Amino acid sequence: MSGSYWLDTVPDLSGHYIPEHASIHGDDPRPEVNEFNRRYKERFGEQPPSSYAYPGYLVIQMWALAAERAGTLETDAVIAELEKFKDEPLLIGSRTFTSDLHHQNYAPYAIIGVEEGKPKYSGSFTISEPVPMDVLLGKRYVHLNP
């Protein structure tokens, strides 16, 4: 339900809330997100169609930062730099990587509310503690680095 393309199918929808990576509506409290939206619109003629534009950018942003710090594009060196990320400030919130976890289990979300058919940023939410590994990866999780 990311984006607003579907809102015309439910006229005057109210009381609907969804966690998103960031707000595509120009009202995100993070200036860097709104700057991203401005540049996106300049390039493509419209705002991002959904918040799924942000994670793709984030992956490239992380790789570029790690490669810059590594001084090379060599995979193992870049991964070693990624694994040093501890609450690294990035476009849609800080990210942490470890040698055990290359997936985020603790990240902020923008809450987008819809009132009278109009979406808007309504607040933010971050879980109070990381998702446990056995829940994140399922009961079959095997620790590869004993």
- [ ] At 18 Å minimum axial length over the Cα atoms and a Kyte-Doolittle cut of 0.5, report the qualifying DSSP H helices in the chain, or say none.
- [x] 53-70
Task: Amide H partners (placed H, <5 Å) of Ser51, local residues excluded - done: Gly3
Task: Surface accessible to a 1.4 Å probe, Asp8 within the full protein complex, Å² - done: 140 Å²
Open item on the list: Show me the GluC sites (Glu not before Pro) within region 1-107 that DSSP assigns to loop and that have at most 10 other Cβ atoms within 10 Å of their Cβ.
Closed with: Glu46
- [ ] Determine how large the accessible area of Thr72 is when every protein chain is in place; take a 1.4 Å probe and give Å² rounded to the nearest 10.
- [x] 50 Å²
Open item on the list: Probe of 1.4 angstrom, ligands and nucleic acids ignored: what's the accessible area per residue over the chain, in square angstrom?
Closed with: 64 Å²
Task: Shape call, the chain: gyration tensor on alpha carbons, a/c limit 1.5 - done: oblate
- [ ] Tell me which residues come under 5 Å, amide H to amide H, from Ser124 once H is placed; ignore anything under 5 positions away on its chain.
- [x] Ile111
Task: Where labels lie 7 Å past Cα in the beta-carbon direction, separation of Ala107 and Leu90 in nm - done: 0.7 nm
TODO: Apply the Karplus parameterisation 6.51 cos²θ - 1.76 cosθ + 1.60, with θ equal to phi minus 60°, to every residue of region 3-10 and state each ³J(HN,Hα) to the nearest whole Hz, in sequence, with x for glycine and proline.
DONE: x, 10, 4, 9, 5, 5, 7, 10
Task: Difference of contour (0.36 nm per residue) and Cα-Cα distance, Leu7 to Ser50 - done: 14.2 nm
Open item on the list: What distance in nm separates the two pseudo spin-label positions at Glu116 and Ser128, each 7 Å out from Cα along the beta-carbon direction?
Closed with: 3.6 nm
- [ ] Could you tally the net charge around Ala77, taking each other residue with its Cβ under 15 Å from the Cβ of Ala77, Lys/Arg +1 and Asp/Glu -1?
- [x] -3
Task: Extension gain from Arg38 to Thr72, taking 0.36 nm per residue of separation minus the Cα-Cα distance - done: 9.2 nm
Open item on the list: Students sometimes get this wrong: rank Val59, Val33 by accessible area, probe 1.4 Å, all chains present, largest first.
Closed with: Val59, Val33
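The values are calculated or read from the model by the stated rules, or taken from the named source; none is laboratory data. Since the model is a prediction, treat every value here as computed from it, not as a measurement. Here the Cβ is made from the backbone with ideal geometry for all residues, glycine too, and neighbour counts use every protein chain on show. Side chains included, ligands, DNA and RNA excluded: accessible areas come from the protein's heavy atoms. Shrake-Rupley method; radii C 1.70, N 1.55, O 1.52, S 1.80 Å.
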